[in-house]
Amino acid sequence: MVMETGKNQIRKQLLVTIAALIVINVAGSFLFKRFDLTSDKRYTLSDASLKLVESVDEPLYIDVFLEGEFPGEFKRLQDETRQLLQEFASYNGDIKFTFVNPLDESESSAETKKDIIYNVFKMDTPYLTAKDYAEARKSIDNIKDVDKAVFETLSRSGMKPASISVNDKGKQSESLIFPWAIATYKGKTVKIPLLKNMRSASTAEKVESSVQHLEYAFADAFNKITSDKQKKIVMLQGNGELPGQYMASFIKSLRESYHIGPFTLDSVSKNPQKTLKDLQQYDLAIIAKPTQAFTEEEKEVLDQYIVNGGKTLWLLDAVQADMDSLYANNGVTPALPRNLNLNDMLFKYGVRINPDLIKDEMGTPLKLATGDRGNGTDYQQYMWRFAPFAFPDSINKNPIVKNLNGIKLDIASPIDTLKNGIKKNVLLASSRYSKKVGTPTALRLDMVAEETSPTDYKEGGFLPMAVLLEGKFTSMYENRILPFKDNAYKTQGKDNKMIVISDGDIARNQVDKNGEPLELGYDKWTEQFYDN
């Protein structure tokens, strides 16, 4: 009798366990939650991403071209992409995703491929009429060789395949995959890169960096297709800013999400009021490495643009010295303070760029000739301490720098933050073993051979090189005579933001031997890729 009672209890416990497992599995099909145990919460969705996800109010379809069996590294990229999309979908049921193999030659995939071809066609030709799209759809439906068509369509649109090595029972072979996705929302389609382009990096390094970049890649795509109105960005000109060929990669990236165009301040001298009114049509002004001082009239235009809500990105060199002159002048160049006549303006907003150099033990390499070898030249890499390698602080949760691996700066200066009621967030800083070097001084390539020790860096390091400022900015001309009369002049305006970076070259791309721009962040001399 006791034995029978024991058996009944075991049966009940077994039934309860089975029922609990069924409930968990059913709930799991509707709910998804990924627990992030990393110290810097790199796999936790940012508030900015969640706001974009919540803004989706109609079905947003995502086709991910990572279906199939992949080797270890790409299997991880596939799994992390799936988990991220599951998390997005758990927050908003209107986000729907499918994993597709565009190289699948089965007949059952033909219709899916035709849909992909049509969506990519609409993405690449956004201004055709409804009749044009209907005719294109009809032509696509009549395609005979769908496999060839989808391959050519994706490649022509910039979604190039990647070659991977597959080990099948000890036999090595090469295979192609498309590490891309496309998102379609309210008739608008955008492409999403899933594998970061990192020259000279191993497959494992590429995948690791790409996994950390996934949230940004999808959030950026959501922003592009959910925004009713694209923001407008202006590249300021007229004060010796960086030439176009050195900003080409940076501008190309911006054009994918924003309207962008040039704007010169030359007209300030003739009609400053009209210049200010025209500038206020833009949401963001980028000032990229000016080399000529700003006039007071130009500063008033910029000041009132900022006070009235215009956002700014300042890429400024407080010291006159660059690597080009260092290489050209037998390895020696003077480093002199550069007067841009902006100190009082930035001081009023809450920062000061000191005309000093940052010398950092965590520098970036450069390649120098060390002698002849046969008919060629022998080169060797050295650490250049005046090109800091900046890692965003792991405790910095700002989406601007989240999950960035490392930024290269060239001849940067330290930034002081001042108390004035404006919130400051240091985005990039030098390492613990860094210090200021005053100017004027001479920069020499033979400094790479200097021996240093921790005692050389008693100041404590962590010198700010990029700062985000947020708040209501007060005009620098408060209680001062205005350079020109402006009936709409304001002393203080609405909440605003600006970023100040003490290196004008942070957004500069290199060029190849034919003068063609290279990708931003790629150093052709050392063949290393940075997250600039």
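The values are calculated or read from the model by the stated rules, or taken from the named source; none is laboratory data. These numbers come from a predicted model, not from an experiment. Quick reminder, even Gly has a Cβ in these numbers, built from the backbone with ideal geometry, and neighbours come from all protein chains shown. What goes into the accessible areas is simple: the full protein's heavy atoms, side chains included, and nothing from ligands, DNA or RNA. Shrake-Rupley method; radii C 1.70, N 1.55, O 1.52, S 1.80 Å.
Please count how many residues of the stretch 222-249 are of a type in the set (Asp, Glu) and within 23 Å of Tyr61 (Cβ to Cβ). Quick ask: steps written out before the conclusion?
Step one: list which residues in the stretch 222-249 are of a type in the set (Asp, Glu), which gives 228, 241.
Subset that is within 23 Å of Tyr61 (Cβ to Cβ): 228.
Here the count works out to 1.
Can you tell me which residues in the stretch 295-316 are open to solvent by 10 Å² or more (accessible area, probe 1.4 Å) and among the charged types (D, E, K, R)? Break it down stepwise before answering.
Step one: list which residues in the stretch 295-316 are open to solvent by 10 Å² or more (accessible area, probe 1.4 Å), which gives 295-298, 308-309, 311, 313.
Answer for the stretch 295-316, where residues must be open to solvent by 10 Å² or more (accessible area, probe 1.4 Å) and among the charged types (D, E, K, R): Glu296, Glu297, Glu298, Lys311.
State all residues of the stretch 276-286 that are surrounded by fewer than 18 Cβ atoms within 10 Å (Cβ to Cβ) and farther than 30 Å from Tyr216 by Cβ; if no residue qualifies, say none.
Result: Lys277, Asp278.
Looking at Gln237, Gln230, Gln212, can you tell me which residue is at pLDDT 85 or above and surrounded by fewer than 19 Cβ atoms within 10 Å (Cβ to Cβ)? Reasoning before the result, please.
Values: Gln230 fails: at pLDDT 85 or above; Gln212 fails: at pLDDT 85 or above.
Going through Gln237, Gln230, Gln212 in turn, the sole match is Gln237.
Take the stretch 312-330 and flag every residue that is in a loop (DSSP other than H, G, I, E, B), modelled with pLDDT under 90 and touching a strand residue (DSSP E or B) at 6+ places or on another chain (Cβ under 6 Å). Talk me through it step by step, then tell me what you get.
As a first pass, look at the stretch 312-330 and keep what is in a loop (DSSP other than H, G, I, E, B): 316-318, 321-322, 329-330.
Now narrow it down to the ones that are modelled with pLDDT under 90: 321-322, 329-330.
The answer is Ala321, and nothing else.
Out of curiosity, is Lys51 open to solvent by 50 Å² or more (accessible area, probe 1.4 Å) and at pLDDT 80 or above? Break it down stepwise before answering.
Working: open to solvent by 50 Å² or more (accessible area, probe 1.4 Å): yes; at pLDDT 80 or above: yes.
Yes.
Looking at the stretch 434-446 only, could you name the residues that are modelled with pLDDT of 90 or more and outside any strand (DSSP E or B)?
Within the stretch 434-446, Gly438, Thr439, Pro440 qualify.
Output the residues belonging to the stretch 463-507 that are among the hydrophobic types (A, V, I, L, M, F, W, C) and open to solvent by 60 Å² or more (accessible area, probe 1.4 Å).
Keep residues of the stretch 463-507 that are among the hydrophobic types (A, V, I, L, M, F, W, C), which gives 463, 465-469, 473, 476, 481-482, 484, 488, 498-501, 506-507.
Across the stretch 463-507, the qualifying residues are Ile481, Ala488.
Determine, yes or no, whether Gly461 is in contact (Cβ under 8 Å) with a residue 24 or more places away in the chain and at positive phi. I'd like the intermediate steps shown before the answer.
Numbers: in contact (Cβ under 8 Å) with a residue 24 or more places away in the chain: yes; at positive phi: yes.
Yes.
What pairs come out if I take residues in the stretch 146-171 that are under 26 Å from Gly72 (Cα atoms) and β-branched (Val, Ile, Thr) and pair them with residues that are exposed (fewer than 12 other Cβ atoms within 10 Å of the Cβ) and modelled with pLDDT under 80 whose C-beta lies under 8 Å away, six or more apart or interchain?
Ile164/Glu174; Val166/Gln172; Val166/Ser173; Val166/Glu174
Which members of the stretch 508-530 meet the condition of being open to solvent by 30 Å² or more (accessible area, probe 1.4 Å), aromatic (Phe, Trp, Tyr) and part of a loop (DSSP other than H, G, I, E, B)?
Passing the criteria: only Trp525.
To keep it simple, each residue is scored yes or no on (1) in contact with a Leu (Cβ under 8 Å, 6 or more places away or on another chain); (2) in contact (Cβ under 8 Å) with a residue 12 or more places away in the chain; (3) part of a loop (DSSP other than H, G, I, E, B).
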residue	(1), (2), (3)
Gly261	no, yes, no
Leu276	no, yes, no
Tyr282	no, yes, yes
Pro290	yes, yes, yes
Tyr305	yes, yes, no
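If you go through the stretch 159-166 one residue at a time, do you hit one that is at pLDDT 85 or above and either on the phi > 0 side of the Ramachandran plot or exposed (fewer than 13 other Cβ atoms within 10 Å of the Cβ) (or both)?
Taking every residue of the stretch 159-166 in turn, none turns out to be at pLDDT 85 or above and either on the phi > 0 side of the Ramachandran plot or exposed (fewer than 13 other Cβ atoms within 10 Å of the Cβ) (or both).
Could we say that Ser253 is at pLDDT below 90, part of a loop (DSSP other than H, G, I, E, B) and out of contact with any Gly (no Cβ under 8 Å at 6 or more places or on another chain) here?
Values: at pLDDT below 90: yes; part of a loop (DSSP other than H, G, I, E, B): no; out of contact with any Gly (no Cβ under 8 Å at 6 or more places or on another chain): yes.
It is false that Ser253 is at pLDDT below 90, part of a loop (DSSP other than H, G, I, E, B) and out of contact with any Gly (no Cβ under 8 Å at 6 or more places or on another chain).
Give the stretch 258-275 a look and list any residue that's open to solvent by less than 70 Å² (accessible area, probe 1.4 Å), under 20 Å from Leu482 (Cβ atoms) and of a type in the set (Gly, Ala, Ser), or say none.
Result: Ser267, single match.
When the stretch 90-146 is examined, which residues are found to be of a type in the set (A, V, I, L, M, F, W, C), open to solvent by less than 40 Å² (accessible area, probe 1.4 Å) and either part of a loop (DSSP other than H, G, I, E, B) or at pLDDT 85 or above (or both)? Don't jump to the end; show me each part of the working.
First, the residues of the stretch 90-146 that are of a type in the set (A, V, I, L, M, F, W, C): 95, 97, 99-100, 103, 110, 116-117, 120-121, 123, 128, 130, 134, 136, 140, 143, 146.
Remaining after also requiring open to solvent by less than 40 Å² (accessible area, probe 1.4 Å): 95, 99-100, 110, 116-117, 120, 123, 136, 140, 146.
Within the stretch 90-146, Ile95, Phe99, Val100, Ile116, Ile117, Val120, Ala136, Ile140, Val146 meet the criteria.
Taking the residues in the stretch 356-376 that are open to solvent by 70 Å² or more (accessible area, probe 1.4 Å), of a type outside the set (D, E, K, R) and over 23 Å from Ser430 (Cβ atoms) as candidates, determine which candidate is modelled with the highest pLDDT.
Going residue by residue through the stretch 356-376, those that are open to solvent by 70 Å² or more (accessible area, probe 1.4 Å) are 362, 367, 372-375.
Okay, now just the ones that are also of a type outside the set (D, E, K, R), so 362, 374-375.
If we keep only those that are over 23 Å from Ser430 (Cβ atoms) as well, we get 374-375.
Details: Gly374: 62, Asn375: 67.
Going through the qualifying residues, I end up with Asn375.
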